[in-house]
Amino acid sequence: MTPGLEHAHPSSNRRHRVVVVGSSFAGLTAALEVHRRLGDAAEITVIDPRDRFTFIPSLIWVPFGGRQADDIQFELAPMYGKKGIRFVNTAATQIDGTGRVVHTADGQEHPYDRLVIATGPRLAFERIPGLGPHGGHTQSVCTMEHAVAAKVAWERFLERPGPIVVGTAQGGSCFGASYEFLLNAQHALRKAGIADKVPVTFVSSEPFLGHFGLGGVGDSEQRVQGMFDKLGIRGIANASIDAVEDGAMHLAGGETLEFAYSMIVPPFAGVAAVMESEGLANPAGFIPITDEYRHAAFPEIFAAGVDVAIAPKTATLVPTGVPKTGYMSEHMAKIAAENIAADLQGGEHHRVPLDDLGAVCILDGGDTGMIIKTDKVLGDAEHTHIMSGPQAHWAKIAFEKVFISARKHGRLVL
Ligand SMILES: Cc1cc2nc3c(=O)[nH]c(=O)nc-3n(C[C@H](O)[C@H](O)[C@H](O)COP(=O)(O)OP(=O)(O)OC[C@H]3O[C@@H](n4cnc5c(N)ncnc54)[C@H](O)[C@@H]3O)c2cc1C
């Protein structure tokens, strides 16, 4: 048994209280997996201020009209209701790891025997003056609201086209999203017949293109460079954005990039409820965990997904985060749920070091793309396969449809 941890009320007949904060890839998976393992023995409460699940990987299609909100969202309450899981549609404001209680914005308290924190990132636009859609000058596709605003801006751009700047800011970690947006923008420009009139620049904190925050995956550097050369995209690695004004992005080192449209993935930080709760997070707001996805200091707390602290594999000139993909987030959540079941009902605990997590990633390029499969995304991979071509685009569409249909009915297939 983990030191300092007791089985929750082994002799009482009370149901085990499991609270999950956050209901996206990691939180939803954790809740369903705990339910699958413990059934009626657990009273599960899920807390999230969003009332709908969004299939975030498809947000890159929204600005170009490929998807609308209803295509890639579903309501959470009915799905949880059918499973007997309580859904509390508000934000957690504070997590008291000593008192084992979550406080929410509606003034309620939610005591727990085991807690899963799956709150994802806070999008830290404020770190770069002029960045982001909230009063700034760049677009984002990190949320449905942002993607819809990015679509309005794209339609305005098509009326008066000019240079495009796409990328990931320093401290960001979601490189796949900016590469996918870039390639889909190029595809949309080709369809509009203006690709040869629009200069496209990609800026990234990565030390080299195709690094992805991982030091590269297989021959990703050569593949990405080949794609950029073919499409005539200028790539700037080691980029650090100082400030953005209307139509101009200022990089550290003095270069200014003019643009008529820009989409930049912002720096990621931990959410306020985690950062401001005593002893939960590191200074950046991410949660340190053990190989059981258990909090390093509070053994009743587990964490999964983007809110987990993962140190970069290698030092980089410009701060470059480590990506935590949907696949990885769900895998972490399943391990956490398995260990919660083992804590509460007995059985083997499951230990998977972060370095041993695998990943399957589909990078869509509008009508082509890349499928990347690796056995160890953060460690020393022994088996990595990359396949480029139009099948990647169709694979992403198929994956989206099967995933949404399964999760909408509370199923964890895939
Ligand atoms: C544009 C884009 C494209 C992507 N494409 C891919 C892809 O193709 N493949 C892939 O594998 N991954 C992709 N990713 C990454 C993937 O989306 C993430 O890995 C995944 O969303 C992480 O899930 P999560 O549950 O950890 O966090 P999130 O999805 O960020 O969810 C966090 C949840 O916590 C909730 N929350 C936040 N604060 C609180 C609070 N105080 N109280 C309660 N709830 C709270 C939020 O409302 C949200 O529902 C993409 C990401 C982006 C942005």
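Tabulated results
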| quantity | calculated |
| --- | --- |
| Residues satisfying the stated conditions in region 142-192, i.e. touching an Asp or Glu at 6+ places or on another chain (Cβ under 9 Å) and not in a helix (DSSP H, G or I) | G162, P163, V165, T168 |
| S388 being surrounded by fewer than 19 Cβ atoms within 10 Å (Cβ to Cβ) and touching a strand residue (DSSP E or B) at 6+ places or on another chain (Cβ under 6 Å) | yes |
| Helices (runs of 4 or more DSSP H) completely within region 1-120 that count 3 or more residues being under 19 Å from the mean Cα position of the chain (by Cα) and within 13 Å of the ligand (Cβ to nearest atom) | 25-38 |
| A304 being more than 16 Å from the ligand (Cβ to nearest atom) and out of contact with any Cys (no Cβ under 8 Å at 6 or more places or on another chain) | no |
| Where S262 falls short, out of the listed (1) more than 30 Å from G97 (Cβ to Cβ); (2) assigned to a loop (DSSP other than H, G, I, E, B); (3) small (G, A, S) | (2) |
| Failed condition for E159, given (1) at pLDDT 95 or above; (2) out of contact with any Phe, Trp or Tyr (no Cβ under 8 Å at 6 or more places or on another chain); (3) closer than 26 Å to A309 by Cβ | (3) |
| Test for G216: is it free of Cβ contacts under 8 Å to residues at least 12 places away in the same chain and within 22 Å of the chain's Cα centre (by Cα) | yes |
| Any hit, region 47-63, residues being free of Cβ contacts under 8 Å to residues at least 24 places away in the same chain and either in contact with a strand residue (DSSP E or B) (Cβ under 8 Å, 6 or more places away or on another chain) or among the aliphatic types (A, V, I, L, M) (or both) | no |
| Among (1) in a strand (DSSP E or B); (2) touching a residue at least 40 places away in the same chain (Cβ under 8 Å), the one test that G235 misses | (2) |
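The values are calculated or read from the model by the stated rules, or taken from the named source; none is laboratory data. In this text the structure is predicted, and so the values were computed from the model without any measurement. Reconstructed Cβ throughout: ideal geometry from the backbone, glycine too, with neighbour counts over all protein chains shown.
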